[in-house]
Structure formats: structure tokens, C-alpha cells
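Here is the structure we will look at, set down as C-alpha cells.
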Amino acid sequence: MDPRMCRKISSSESLPDADNVEYEVSNIIAPQESDDNFMLDGSPEPHSVTWLDNDQIDELDLNLDQTNLCFHRVDSADIIYRSKKKKCKMVGKYVMGDVLGEGSYGKVKEMLDSETLCRRAVKILKKRKLRRIPNGEQNVQREIQLLRILRHKNVIELVDVMYNDEKQKMYLVMEFCVGVLQDMLEGSPGKKFPQRQAHDYFTQLLDGLEYLHGQGVVHKDIKPGNLLLTLDHTLKITDFGVAEALDMFSPEDTCYTGQGSPAFQPPEIANGAEQFSGVKVDIWSSGVTLYNMTTGRYPFEGDNVYRLLESIGRGEPAPPPPSLGPTLGLLLTNMLKRDPDLRPTVHEIRRHSWVQARPPLEVGERLVTPRSRRSDELHTSTVIPYLVERHYPSAQEYFTERDYRHELGDGGSRTLSTAELSDAESSRRKRRWHSSCGRLPSCRLT
Amino acid sequence: MYNPDINDYQLTSIITECCGGVAVVYSALYKPNNQNVAIKRYFVDKTKENASLIQQDILTRKELNHVNILPYLTSFVHGRELYVVSPLMTFGSCRDILDRYFQEGLPELACAIVLRDTLQALQYLHKQLYIHRSVRASHVLIGANGGVRLSGLRSAASLMVRGRRQRHLHQLPPPDSDNTNLMWLSPELLEQNLKGYDEKSDIYSLGVLCCELGNGAVPFAEVPTTLMFTEKVRGSRPQLLDCSTFPEPCLDDTEMKSEYICCKAVLCPTTLMFTEKVRGSRPQLLDCSTFPEPCLDDTEMKSMYNGDSGVGDSADAVSRLRQVYAGRKLSDTFHHLSEMALQRDPDKRPSATQLLNHPW
């Protein structure tokens, strides 16, 4: 059953296997006579209907242990099932799907290219919100400029840019990715990856960085939150909002501004140096990223941004735990050298023995898979329900168990299972599907 | 060995234009040995991405050697164009043959031969860890002696990625100029989820090819791409059309009318849908039996099919086509084969080897 199709409000008593239904509120309805008896009595008089939406249900869930709650008694046959509306929306040739993530600038949504059927992600930027972020508009323009030039399998590809002046929105259409490393870390035991997995991602990060630095681009905000994974586990470096293209003709990689995330900033930026080597900033941040991926911790911690920057600026990083093994420990210490000149270059890191050899998967270790927002392990396209809505529009949005019994020709002598109710939903859809096909826009005479 | 020199070839005529106007196929004579060859001339400058695809095509074909796969002879650059030489396939592609001579489908025996040879090519490709990803009639070529050869390897993908054997792939094949290739692709390939797809995806395409060869028309040809996508994801299967899937009008006119009207009263929109389909988009994707789960009013629907046919149609060509479909009977094994290949669940689909052992 697809929980998105049908939000339900029910009592677990009348529907025996309702336990596995999402949005279900159990024990809210006070004990009542068995549903079976009730139905045998003939048609009960209609009861008043209580509407609950998702948030309210969540609220109820939270409040369950507080006592004085008052409930309307609703006959289970009168419970209203609502097939959730998924209004299909197009932007250009793209069909919009669900939200994948949210940032200060706006949302990231999934999209489907209606011509090639390729899954895409779109960053929706609202002008109004951008103005409130320091350097917001400027950063976006720079990001677009950079992404238009860059083309590498470990750098996110900008597919299309669309503007909607009326809504003051900007759409950056990009490759579709299933997950962010940071989310995966947060959902994994110990908030870290097995070394084998970290190695896989780190080597891809090196490939991407090597390309970027070769193109004279410094990212300046490398962190797990800016590293995405595609369906086939290709790592993509994203978010070039604070990246910088170096002057092609200058022999050095001097930068003057740093706007990255504090925990990943090197001492030179934490100390407010006026100019610093851009490339070595990325090396430091990659070091912190590797540290974080393999230990679940950060080399520097602090209660707040100021403390954190202070400890980065003054102190030495927490030494890598010995459990990592000597080779990885040495690599991390090298990458996290206070003096930028002492940090290795991408080429040197590549030749390091930890990078060269692929660590085995230890006994008991499990690879971490991308997390899903909606308990869909396969990360199926979220656009499909919208397409279904578009191509097979529903005739009746609400229905009750009684309606369905009526349709089945069932006298109401038995209790319907949840599965049957979801079947009801799908067979309804099927019927609707039939009825809609006569109006297929593409049908024409041969 | 063929020389990579334009002076050794005499271009005789243009066979076709392809790849959305980027390439032209010529028939030519190879002067040193008087052999007929086909030369594909690409205008490489038009797009950069195409160049890498052509390269991919050549590299893949160089690696492969099978009687049912179009071999690569040589290639060379002359002026601003790239020439790729292959043996001449006199009868062109199955699509050309369908369009020109067999608009309502090839005879069953011909389908069987073409499909068998295509399967042999796929069996070989799969053994070499390739997924073809664009099995379609326009990529199945027929030579002068009736030999069948599979082409279109530009969208083939290897399961070996960076030296490692992958179990599944996730990426869509490179888009063709008009995105028609999507119609042959399997639901799991189009879905682009974490499960990915494997060589069974080609078997699905082969099933679509079955319908294409048998019916003459490509399933899903006239529906919007997104609808084709949802249809496939929801498990509806294209079908071979004959009297079993497409019953003959068996009632006389008045009876039919009355039944039609009564049907109309009961399930009017469905009838409408049905006629629309027959008229417009060639009906294969619509049939109650193609639905994944048995639907409640199955029997009602069946009666409907009988009642409907023959009413409200004016176009001659269409009714002729309907007559052909309704009047013929394809063997049950052919139906079985196409159904097996078109199963929604890739794990249930037989492999190329298994299909080659199919009784049909």
C-alpha cells in the first residue's frame, strides 16, 4: 500500500491489521461495540465527521499520554479516507516532484524531464530570500558561472537554468542525487562510515578536487554536507556558492575571503589571515571531512562558533584515534597541519599508502546506504504520484469504508482489512483510469 | 581488410539520414574488391557529445565479433566528416520493412527468425557484459541473404565500470534526438531508482520488439512520454494483436448497436477510451487483461469488447487494420514468449538463453 495515496484516521480496533499503516492513530477512539455487530444492525445513522490533517495527527501522537483528551466517536464505516491530492505542476518541460531538502535560499525538489524521462533535482531560489543572505545573489551568480564551465564526473552538473520573473524565482536544474554524505553519516551507527566506504568516497573527492584545482577553481567549502551521491554511488561535489575561480595568469593561488562552514575552516581563516593559499584550504577541509567520515567526530570542537574558531586558530587538532590504524592516522595529521605549506597537495595525497590500497570491509561492518525521507529504500521517483494524478485524474477524492462495501456488494458482514481498503483505492484508480483515457490528448485519427 | 581512404570507395546512393540529421548513410562500392558496403558519414562538428558516442560505438563494435552483430570494417576522417564503414545490409532495417511492406506486422515465421537471431546477438552481448539498451526494429538489419544483424551499439553500456563488474546500472542511455528510444526501454530502467537495471532490461525491449514486429506499430507510439512511463511503471504490458486479444465483431449490426448502447450506459467512458485507442494510437497498451491485478469488473469489460467493435468507426484504413488484427491468429507460444519477456519484474523475465530454448 502506498501511504501517500491514502491518509487515514482510524481506530485499530475495527481494522485488524491497521498497525502498519502510517498516520494511524491508535487508541484514540474510546472502546466501542464491535464493528461487526454494528454493521449487522443495518445502516447506522450518519455521525459527524472529524477532520485531522497530518500535523494534527502528529500533535495527537505527542499528546497521547496527557489524559483529558476528548474524542468524537466515529463509526469506522464512516471514517473518511482521502486520496491525497498530488497536483501535477510543470516548470518548463519538467514535472515537479517532492521536496528533497531545504536550505536558507529555498527548497531543493525532485523533477522529471518530461522529454527524456531523466530524473533531475532543482534548486529553487527565491529572490526575496536571497537578498536576506549576505552576498546571496552574488554567490548564486558565481555558482552558475562556475558550474556552466565545469564538467567532471565528480562535480555536480548544472543542466539548465530557468527564471520566473513573475514569481521572482530562479530554478537551477541539476543532476539527480539520492543522498548527502552528511545525512548518511547522521543516520549511521557511530555517525561514521566503514573505512572501505570512506575510502571510496575520499578517492572520488580527490578526483573531483584534482579537476577543480586544475581548472583554477577553489571550492572553499568542502564538507560532508556538500558531497552528494548519485544512484550508482558516484560522489558529486556541490554548492559552489563560496567557490572562487583563481586568476589564470597569477602563479599563486592566493585568496582573500573565506565564507565556508566554521568546523571545516583551516587555522589561517579562523585567525583572520588577509590572504592565504586557496588550494590548501580545500586540503584542510577534505582532511576534516575524512576525519569526520572515519571517526564520527571533528578534530576541533567548540560550544559555539567563536569557541570553535578559537580552538581551530590556537590549538592542535585532536589526534586521530589509534583505532584508525597508523597509515590513516598519519594521512590525517598531515592534511591537518597548521602550516598550509606543510599540507600535502592532492597528488601527494593520492600517492599515500592509505589512498593507494583499498581497505577491506571489517567483520561486522556494514555499508551505509543513502537515507530516504519517506521510508522508500529504493528512492523511487517522487514524481510518479504526480504523473498518476495528471494522467488518471480522480473522480472522487473522498470515500468511506461504507462506500466501498456498497461497491463490493458486501452486506457489511465482515470487517475489511486495511489491505482491502488500499485495494479499494487502487481499483478506484483503475476505474478512473479507464474513464480518463477517452480524453487522451494525443489520440488522433490515423 | 578495408582501407581507410575515401578514394577507395565510390559512393553510389544515399540510403537514409539518421541520428537526427547528424549522419547520412550511403551505399558504396569498395573498389579494390568490388564489394558493396554501407558508409555512415557523420558531421562531427555539429555537437561535441556525439563525437564521444560515435567513438563509443566504434570501440564497442571493435571488441565484438558475432554473426548477428553488425561488424565494423574501418573508419576514417575526410575533410570535416567522419566516415564509418560497415557491410551493406541490403534490405535495411526491420522498421523500414514494416513501414514499406508489412504495416500490420511481419508474418509470424519471419518474426520468429528475426527474434531468434536478435536473441542470439543479445545472448552474446550479455555474455560479454554489455547491455544493448536500444533493441528496436530500426536497429535490426537484414542482409541480402536474409542474415539478421543487430546494430545501434552507440547506446550499449558495459557492466564493467572502472575495472569492476557491476551488478546493476542506473543511468539512462544517451538521449536520441527525438527521445523515441524510450518506448522500448524497460520500466526498471526508466524508473531510475537505487535498484537499477541489468541485462534483463534488454529482454523487455525484445518483448516490445515482438509487438512491434508482430503488430507493425510500436506500442506506446502515440501517447505522451510521461504517460508511457507511468503505464510501464504500473505494470501494463503491450500486447500482440490478434483475434484473442482483439475479438472479431461477431454480432450483427442491430444487436451490436443495442449492446453498444447498453454498454455505453454502464461504462460509457471505457468504450470511448477503447474506440479512441483503436482509432488513434493502435490499441496494444489497453486491454483489461494487461492490468497487473484482476480488476473487479473484468467480465463486464470483456463483454464490452465484443459490443464495441465496429461501431463509430469511419476511417477505412483503421477498420482494415482492425480486420487484419481481428482476423488473424498468432500462435499461443508467440503470445507466451512476448508475455514472458514483458514481465514487470525483471527477475521473472527469462534470459536470452532461456528464450532461445522457447518452443516457439
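A short reminder: the numbers here are calculations on the coordinates, not readings from a lab. Model, not experiment: these values are computed from the prediction. Cβ sites come from the backbone with ideal geometry, for glycine too, and all protein chains shown count toward neighbours.
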> Among B:His358, B:His139, which comes first, then next, by fewest other beta-carbon atoms within 10 Å?
Replying inline: B:His358, B:His139
> If eta is 1.306 mPa s and T is 10 °C, what Stokes-Einstein diffusion coefficient results for the range A:179-356, Kirkwood Rh from Cα pairs, in µm²/s?
Replying inline: 98
>> Let me check against my output: what whole-number percent is the relative contact order of the range A:179-356, with C-alpha pairs under 8 Å and at least 6 apart?
In response: 23
>> For the range B:93-208, what are Rg and Dmax over the alpha carbons, in angstrom?
In response: 14.7, 46
>> Taking a cut-off of 19 Å, what percent of all Cα-Cα pairs in the range B:67-141 are separated by more than that?
In response: 48
> Across peptide B:189-199, what mean number of C-beta atoms from other chains lies inside 10 Å of a residue's C-beta?
Replying inline: 5
> Roughly speaking, what is the stretch gain from A:Lys129 to A:Met162, that is 0.36 nm per residue apart minus the C-alpha to C-alpha distance, in nm to one decimal?
Replying inline: 10.2 nm
> Once you average over the residues of A:182-194, how many Cβ atoms of partner chains fall within 10 Å of each Cβ?
Replying inline: 0
> What is the Cα radius of gyration of the range A:275-363 over 2.2 N^0.38 Å, N being its residue count?
Replying inline: 1.12
>> Could you list A:Lys123, A:Lys87, A:Lys192 so that the one with the fewest beta carbons within 10 Å of its beta carbon is first and the one with the most is last?
In response: A:Lys87, A:Lys192, A:Lys123
> How big is the range A:103-242 on each of its three principal axes, counting only the C-alpha atoms and giving the largest first in Å?
Replying inline: 49, 34, 30
>> Just to check, using Stokes-Einstein with a Kirkwood Rh over alpha carbon pairs, what's the diffusion coefficient of the range B:6-87 at 10 °C and 1.306 mPa s in µm²/s?
In response: 120
> What net charge is computed for the residues neighbouring A:Ala357, neighbours being all others with C-beta under 14 Å from the C-beta of A:Ala357, Lys and Arg scored +1, Asp and Glu -1?
Replying inline: +3
> With the Cα gyration tensor of the range A:133-211 giving a ≥ b ≥ c as the square roots of its eigenvalues, does the rule (a/c under 1.5 for rounded; else a/b larger than b/c for prolate; else oblate) give rounded, prolate or oblate?
Replying inline: prolate
> Over the range B:6-87, what relative contact order in percent results from Cα pairs under 8 Å that are six or more residues apart?
Replying inline: 25
> Among rounded, prolate and oblate, which fits the range A:89-176 when a ≥ b ≥ c are the square roots of the eigenvalues of its C-alpha gyration tensor, a/c under 1.5 means rounded, and a/b larger than b/c means prolate?
Replying inline: oblate
> What average count of beta carbons from other chains do you get within 10 Å of the Cβ of residues in A:115-121?
Replying inline: 6
>> Give me B:Glu108, A:Glu362, A:Glu157, A:Glu301 sorted ascending by neighbouring Cβ count inside 10 Å, so fewest comes first.
In response: A:Glu362, A:Glu301, A:Glu157, B:Glu108
>> Let me check I've understood the local charge: for B:Leu88, count other residues with C-beta under 12 angstrom from its C-beta, Lys and Arg +1, Asp and Glu -1. What total comes out?
In response: +2
